[in-house]
Amino acid sequence: MVGCCVLLATIPVTTFDHLSSTFAEADIGQHPSEWHGFLCGAAAGGALPQADLLTLATEELAADHTDTEGLRSLVESLTSSTSEDLNSGQFTLQLLLPDDEWPLSDRVEALAAWCQGYLSGLGQSGRANRDWSEESRAAIRDISAIGQADTELEEDESEEQDYTELVEYVRIAVLMVHAELCGDPAADALNSSTASKAEPIH
């Protein structure tokens, strides 16, 4: 019995699962991936001070439950780490999505929710009215289309590969948009990276 308890204690809990359970405990109906997408969109370009970004991220939950034990600290932690990942220059940002143990349809639904949240957050970023490059406009169009993705998929290897490629495409596209909004020269390299990937959305 002791060995079993030790084994259970060592099973990692993904950030998605942690956030999902925390949202459920606080009776928050928003999809965790959608919220993280909103956070990344709002943080794009780095125009918002950290305090304002945290306020937006908290208000986006549309609930009076941010004082629930664990929720406020989790929101603060994710807001800080997401901002750091976007601005590190190391391309470390990862989309907050269910892991591969979840059914593919649930993962695609989460990716679509993430994209919808991102577009909503981008409108709050303070950078939405700038003159976008054609590469960034194309990336935003693709993210919008992925946000409407069909979740009725076959659980086969080709669909899994397509999903994996979509996640990576969105990740690089988001980093590219952020770099461009910041005036970072890395945007050119990221443009090349997105262009080199097979783009299933047109």
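Bear in mind these aren't lab numbers, they're just calculated from the coordinates by the rules spelled out. None of the values given here were measured: they were computed from a predicted structure. Glycine also receives a Cβ, built like all others from the backbone with ideal geometry; neighbour counts cover every protein chain displayed.
Which order results if Y169, Y118 are arranged by neighbouring Cβ count within 10 Å, fewest first?
Numbers: Y169 21, Y118 29.
Ranking Y169, Y118 by Cβ neighbours within 10 Å, fewest first, gives Y169, Y118.
What is the fewest-to-most order of E109, E76 by other Cβ atoms lying within 10 Å of their Cβ?
E76, E109
If we count other beta carbons within 10 Å of each Cβ, what is the order of D85, D99, fewest first?
Values: D85 17, D99 11.
Ascending number of Cβ neighbours within 10 Å: D99, D85.
Given +1 on the Cβ of Lys and Arg, -1 on the Cβ of Asp and Glu, and no further charges, what dipole in debye does the stretch 80-142 carry about its Cα centre, rounded to the nearest 20? All intermediate terms of the calculation are to be shown ahead of the outcome.
Values: 5 positive and 11 negative charges, 81 e Å.
The calculation lands at about 380 debye.
So how much slack lies between R141 and S158, counting 0.36 nm per residue of separation and subtracting their Cα-Cα distance, in nm? Could you put the intermediate results ahead of the total?
On the way: separation 17, 0.36 × 17 = 6.12 nm, distance 2.40 nm.
Taking R141 through S158 to full extension adds about 3.7 nm, to one decimal.
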